[in-house]
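Peer 1: So that we are looking at the same thing, I have put the structure below in structure tokens.
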């Protein structure tokens, strides 16, 4: 796979992670990080990659995915607060 396709895949995954993180249920945002850990554990068990390489990729991947999760949750809270303020102004 060439570098442009890899970058595009990473951008799509991070975008989907942000989308899942903005859902009402907080656990939707945990699907992709859990899949990453399971996939990397599978690669280590089947000896497809080196352990240090896998740990590095898993750590960096989780860092980015959890950052997107946090941004998504903040966006959801901001949206809820905006909606609540809109409802309050209509009551007055």
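Since every read-out is calculated from the coordinates, none of them should be taken as a lab result. Bear in mind the structure is a predicted one, so any value in this text is a computation, not a measurement. FYI the Cβ positions are ideal-geometry reconstructions off the backbone, even for glycines, and counts take in every protein chain you see.
Peer 1: Output the 0 to 90 degree angle, nearest 10, between the alpha-carbon long axis of helix 51-91 and the longest principal axis computed from the alpha carbons of the chain.
Peer 2: With both axes taken from Cα atoms, the answer is about 10 degrees.
Peer 1: So, how do all the Cα-to-Cα distances of region 1-46 break down into 5 Å bins, in percent, from 0 on up?
Peer 2: Result, from short to long distances: 5, 20, 18, 21, 20, 12, 4, 0 percent.
Peer 1: Assuming R0 = 22 Å, what is the FRET efficiency of residue 84 and residue 25, from their Cβ-Cβ distance, to the nearest 0.05? Don't skip to the end; give the middle numbers.
Peer 2: Numbers: r = 19 Å, r/R0 = 0.87.
Using R0 = 22 Å, I get an efficiency of 0.70.
Peer 1: Taking the Cα centroid of region 25-49 and of region 55-92, what is the distance between the two, rounded to the nearest whole Å?
Peer 2: Cα centres, region 25-49 to region 55-92: 22 Å.
Peer 1: Any chance you could give the angle, 0 to 90 degrees and rounded to 10, that helix 3-21 forms with the longest Cα principal axis of the chain?
Peer 2: 40
Peer 1: When the chain is modelled as a GNM with alpha-carbon springs shorter than 10 Å, which of 22, 54, 46 fluctuates the most?
Peer 2: 46
Peer 1: Choose one answer from 35, 52, 62: the residue with the largest mean-square fluctuation in a GNM of the chain with alpha-carbon springs under 10 Å.
Peer 2: 52
Peer 1: May I pose another question? Helix 31-45 against the longest principal axis of the chain: what's the angle in degrees, Cα atoms only, rounded to the nearest 10?
Peer 2: 10
Peer 1: Further, regarding this structure: Do you know the relative contact order of region 3-91, to the nearest whole percent, from alpha carbon pairs under 8 angstrom that are 6+ apart? Please list the in-between numbers first.
Peer 2: Working: 53 pairs, mean separation 33.4, N = 89.
Answer for region 3-91 is 37 percent.
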